[in-house]
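Structure, as structure tokens:
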Amino acid sequence: MGKINLAEAVKLKSIMTKMIHDLEDEIRRVAFTTIEKGEVPEKPIRNVQQVDDELDVVRKDARLLDRLMYRANIDHTISFKNEELTIVEAIELATQLRAKARLYKELGTAVKEEFQYGMSEHTSIYQIALFEPEDYRKKAIQIERDAHKLSNIINAKNYSIILDFDDENYF
């Protein structure tokens, strides 16, 4: 059986998903034809059963690849900020760090004190930030750097993990 690394498996999974969608579209195309009454339908190069058989093979391979990838993401760890994380935890942490950085960037663009127009005829209304926007701007930059660093560590690890999967039908 062939072997691929986890990074290649991630790319291959995307290719297989697209292939599944393409084969589903092909089934829809070869399943029906439109003709005038009395004419003989032109047969497509491949019939529904042939496309469906290929689709079953790709789906089975996709399930196997998923299982291998999920197992690798649970069984292997990386070190980040003096903590050992499974790859699946590290992926989730990177996602959470990016979300936190987006939120902090938003807070970092806030105005410390801003007059609110049209709120009251007789009273001046202000919105006051109860935090220091500049602090959050700086935190956003650092958190985003951490997310990039973590993603790079995950990616490097993905190249070192070898899966027993034959990709010959796809590459």
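Can you figure out the FRET efficiency of ASN5 with LYS149, using R₀ = 25 Å and their beta-carbon distance, to the nearest 0.05? Don't skip to the answer; put the middle values down first.
Numbers: r = 21 Å, r/R0 = 0.83.
Given R0 = 25 Å and the Cβ-Cβ separation, E is 0.75.
Between SER79 and ILE141, what is the FRET efficiency for a Förster distance of 25 Å, r being their Cβ-Cβ separation, to the nearest 0.05?
0.60
Across the options TYR126, LEU68, ALA94, the greatest Cα extent toward the positive end of the charge dipole of the chain (unit charges at beta carbon of Lys, Arg, Asp, Glu) belongs to TYR126.
For the stretch 1-158, the solvent-accessible area of protein heavy atoms averages 72 Å² per residue (probe radius 1.4 Å; ligands and nucleic acids excluded).
So for the chain, what are the equivalent ellipsoid semi-axes in whole Å, largest first, each being the square root of 5 times an eigenvalue of the Cα gyration tensor?
Details: eigenvalues 502, 187, 18 Å².
They are 50, 31, 9 Å, listed from largest to smallest.
Taking amide hydrogens as placed 1.01 Å from N in the peptide plane, the amide H of PHE80 sits under 5 Å from those of LEU85, each at least 5 positions away in sequence or on another chain. Each peptide in 85-91, 150-156 gets a packing score, the mean of other Cβ atoms within 10 Å over its residues, and the list from highest to lowest is 85-91, 150-156.
Accessible surface comparison of LEU68, LEU103, LEU130, probe 1.4 Å, protein chains only, largest first: the order is LEU130, LEU103, LEU68.
May I ask you to order 164-170, 93-99 by the average number of other C-beta atoms within 10 Å around their residues, highest value first?
Numbers: 164-170: 13.7, 93-99: 16.0.
Taking the mean over residues of other Cβ atoms within 10 Å, the ranking is 93-99, 164-170.
Which of the pairs LYS11/LYS43; LYS105/LYS149; LYS13/LYS43; LYS11/LYS138 have their Cα atoms more than 29 Å apart in this structure? Spell out each step's value before the answer.
Values: LYS11/LYS43 35 Å; LYS105/LYS149 18 Å; LYS13/LYS43 32 Å; LYS11/LYS138 34 Å.
Correct reply: LYS11/LYS43; LYS13/LYS43; LYS11/LYS138.
Classified by the C-alpha gyration tensor, the stretch 9-68 has a prolate form. Its axis ratio a/c, with a ≥ b ≥ c, is 1.5 or above, and a/b is larger than b/c.
Comparing VAL30, VAL51, VAL40 in a Gaussian network model of the chain, where Cα atoms under 10 Å apart are tied by springs, the biggest mean-square fluctuation is seen for VAL40. Expressed as a whole percent, the accessible area of the chain that falls on carbon and sulfur atoms is 52 (1.4 Å probe).
Rounded to the nearest 20 Debye, what is the dipole magnitude of the chain about its Cα centre when Lys and Arg each give +1 and Asp and Glu each give -1 at the C-beta? Walk me through the intermediate numbers first.
Numbers: 26 positive and 32 negative charges, 91 e Å.
Using Cβ point charges on Lys, Arg, Asp and Glu, the chain gives about 440 debye.
The helix-based estimate of mean residue ellipticity at 222 nm for the chain, built from -39,500 (n - 2.57) per DSSP H run of four or more residues and divided by its residue count, is -21500 deg cm²/dmol to the nearest 500.
The values are calculated or read from the model by the stated rules, or taken from the named source; none is laboratory data. Note that the structure is predicted; figures quoted are calculated from it, not measured. Reconstructed Cβ throughout: ideal geometry from the backbone, glycine too, with neighbour counts over all protein chains shown. Please note that ligands, DNA and RNA were not included when accessible areas were found on the heavy atoms of the full protein model with its side chains. Shrake-Rupley method; radii C 1.70, N 1.55, O 1.52, S 1.80 Å.
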